[in-house]
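Scroll down for the structure; my scribbles are underneath it.
The values are calculated or read from the model by the stated rules, or taken from the named source; none is laboratory data. This structure is a prediction, so every number in the text was calculated from the model and none was measured. Please note: Cβ atoms are built from the backbone with ideal geometry, for glycine as well, and neighbour counts cover all protein chains shown.
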Amino acid sequence: MTGLPNVDDLPYYLPRDTEGQLKALAGILEIPYPLVENTGDAGLEAMALTILFRHLEKRERDSALRTIHELQSRELIGRLRRKATDTTFVNKRWGVWSMTNEELENDKVFHDMLVKIGGVLGFTFSATGGRDLAKQMVRERRLPKRGMVTIVIWLSLLSSHNSSVKLGEELERRTQQKSSPYY
């Protein structure tokens with residue numbers, strides 16, 4: 001299909017051999033390698049189109065979905081289609097690989113700031129705080145309201161930290177950024 005982007009349009013430096021590229025893209029998309037192992041160039045093209053799907057025009061998206069549906073494995077078709085459409089129509093943050101470099105950097109700055117503010121305000125998890133909460137739960141035989149708020153704050157900060165790490169890993173994969181009209 002001429003006019004559609006391919007593996008060369010991705011923002012990653014990939015191995016030169018097909019199997020190496022399949023492994024790398026399966027890792028980026030979090031797809032078990034055995035699903036893509038013997039898909040060859042068709043699998044590479046489908047995974048590249050999945051990553052770039054959000055950045056395509058309507059007609060290109062239709063062609064990309066047709067390309068994905070030409071694969072032999074129904075499970076792989078379902079996974080790629082879901083990843084492509086979910087990050088396009090539902091929430092782009094479900095696949096950091098679909099985000100532009102600017103979006104990645106902005107999100108990382110936000111999450112880093114949130115974690116830093118939580119630390120400055122003293123909302124970070126500590127063994128002492130956890131122990132005190134556990135003692136209070138045992139003493140009252142239930143989770144106190146303040147304890148619930150504390151747990152929600154801790155989990156929010158943990159989630160923000162994990163998001164920051166994931167965004168940082170994606171930015172690291174793109175350290176030597178290739179120029180691409182899609183990113």
Exercise. Based on what the data block shows, is Val152 of a type in the set (A, V, I, L, M) and without any contact (Cβ under 8 Å) to a residue 12 or more places away in the chain?
Worked result: yes
Seminar exercise, completed: Over the range 112-132, the set of residues part of a helix (DSSP H, G or I) and of a type in the set (A, V, I, L, M, F, W, C) is Met113, Leu114, Val115, Ile117, Val120, Ala127
Exercise. So, of the residues in the range 118-136 that are within 30 Å of the chain's Cα centre (by Cα) and of a type in the set (Val, Ile, Thr), which turns out to be surrounded by the fewest Cβ atoms within 10 Å (Cβ to Cβ)?
Worked result: Val120
Seminar exercise, completed: Selection from the range 78-108 of residues among the hydrophobic types (A, V, I, L, M, F, W, C) and in contact (Cβ under 8 Å) with a residue 24 or more places away in the chain yields Leu80, Ala84, Val96, Trp97, Met99, Leu104
Problem set entry | Options Arg74, Arg139, Arg54, Arg66: the member that is under 22 Å from Tyr13 (Cα atoms), among the basic types (Lys, Arg) and either modelled with pLDDT of 85 or more or surrounded by fewer than 16 Cβ atoms within 10 Å (Cβ to Cβ) (or both) | Arg54
Exercise. Does Ile28 satisfy the condition of being crowded, with 17+ Cβ neighbours inside 10 Å and closer than 20 Å to Arg174 by Cβ?
Worked result: yes
